[in-house]
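Structure first, then comments.
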Amino acid sequence: MDKGQSTLLMDFNRFFQTYQRRFIHFAYTYTHDEAAAEDIVMEAMTDYWEQMAAPSHVTNAPAYVLTMVKHKCIDYLRHLQYHQKVSDEITQLYTWELSTRLSTLEEFEPEEIFTKEILEVVEGTLQKLPERTRQIFLMSRYENLSHKEIADRLEITTKGVEFHIAKATKLLRVALKDYLPTALLYFYIN
C-alpha cells in the first residue's frame, strides 16, 4: 500500500468513525429497524469508499453519504410499503372469503337437504340405475350396511359392491351438480 492509499484509508476510517453512528441514527429514524439501518449505512459507506478510490467531485462527503443513506432508506421503505400492500390484499381476500363462508353457512337451512326437488332428482336417478346397482346403493346408503355385509347378503365380492356404489354415486354426482354441497351432506357421495 502506497502513502496515498494509506492516507486515503486513514481519512476514510476517520470519516467512518465520525459519522457512522449519526447516519445509523438517521436511517433508524425512518426504518424503525436497527439492523436495516446499519445495513443501509454500511452500503452507503462502502459506495463512498469505492468513490474515494476514483477521482471524484465530492466536496461535501457527509452530505454525499447522507444523500445515499436517504435514497437507500427510501428504497427500503418503498419495499416495505409494497410488501404491506400485498399483505393487506391477501388479508382482504381472506376476510372476504371468510365472510362468504360465514354468510353461506348462516343462510344454510338443513331442511333444504330434504327438499322435494332434490329427493325427486335422487329418485329419478336411482330409477335409471340397473336393478343390482340400485339395490346395492340403497343397502349401503339407506340401510347403512357395510360393503362386506352387502357382499355377504348378495353373494358377491366386496370389489363388486364398490363398483356398483361408485357407478351409482357417479350418476348421482352428475344429477345433483346444481345441489352440491348440500346433497353431499345427505348422501355422502364419495
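Taken as a whole, the structure leaves V86 outside the set of residues that are of a type in the set (A, V, I, L, M) and within 30 Å of N13 (Cβ to Cβ).
Close contacts from the stretch 22-48, counting a first residue that is closer than 20 Å to D11 by Cβ and a second that is among the charged types (D, E, K, R) and crowded, with 19+ Cβ neighbours inside 10 Å, with Cβ to Cβ under 8 Å and a gap of 6+ residues or different chains, come to E43/K72; A44/K72. The residues in the stretch 167-190 that are modelled with pLDDT of 70 or more and surrounded by 14 or more Cβ atoms within 10 Å (Cβ to Cβ) can be counted, and the count is 8.
Among residues that are in a helix (DSSP H, G or I), in the same structural domain as H32 (by TED's automatic domain parsing) and among the aliphatic types (A, V, I, L, M), L126 is not included.
The values are calculated or read from the model by the stated rules, or taken from the named source; none is laboratory data. All values reported here derive from a predicted model rather than from experimental measurement. Cβ atoms come from the backbone with ideal geometry, glycine included; neighbour counts cover every protein chain shown.
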